[in-house]
Amino acid sequence: MSMDDNDDVLEVRRPLSREALARLSPLPPPEEVFFDWLMSVPHGACLEEAARREIARIDRRGLSHPGVRRLRVLLVSVAGTAGWHRPVGNI
């Protein structure tokens, strides 16, 4: 909201579209997100289980962004799951 100097009236701004937000603040590269995730896993924790939890989180949200799909592939490589099921049919 902003004040109009002439009328002292509040003006409501419309939210930005997804495309506009992506141009203003693009997602970081999947490899960077993966590295940050890997460094955040506590020492001694089971990496495979932590990766499976992240994969489940991505699958629950149904995210189909190409970068998110690449991040999921990196997590699958750590999870060690032999049977990978595509969360989205068009991948």
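Of the residues making up segment 55-84, those that are modelled with pLDDT under 85 and either surrounded by 14 or more Cβ atoms within 10 Å (Cβ to Cβ) or in a helix (DSSP H, G or I) (or both) number 2.
Table: residues versus (1) polar (S, T, N, Q); (2) open to solvent by 80 Å² or more (accessible area, probe 1.4 Å); (3) assigned to a helix (DSSP H, G or I); (4) within 12 Å of residue 78 (Cα to Cα).
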{"position": "19", "(1), (2), (3), (4)": "no, yes, yes, no"}
{"position": "36", "(1), (2), (3), (4)": "no, yes, yes, no"}
{"position": "42", "(1), (2), (3), (4)": "no, yes, no, no"}
{"position": "50", "(1), (2), (3), (4)": "no, no, yes, yes"}
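Condition test on residue 30, is it at pLDDT 75 or above and surrounded by fewer than 13 Cβ atoms within 10 Å (Cβ to Cβ)? Before you say what the answer is, go through the steps one by one.
Details: at pLDDT 75 or above: yes; surrounded by fewer than 13 Cβ atoms within 10 Å (Cβ to Cβ): no.
No, not satisfied.
The values are calculated or read from the model by the stated rules, or taken from the named source; none is laboratory data. Just so you know, these numbers come straight off a predicted model, no measurement behind them. Cβ sites come from the backbone with ideal geometry, for glycine too, and all protein chains shown count toward neighbours. All accessible areas refer to the heavy atoms of the entire protein, side chains included, with ligands and DNA or RNA removed. Shrake-Rupley method; radii C 1.70, N 1.55, O 1.52, S 1.80 Å.
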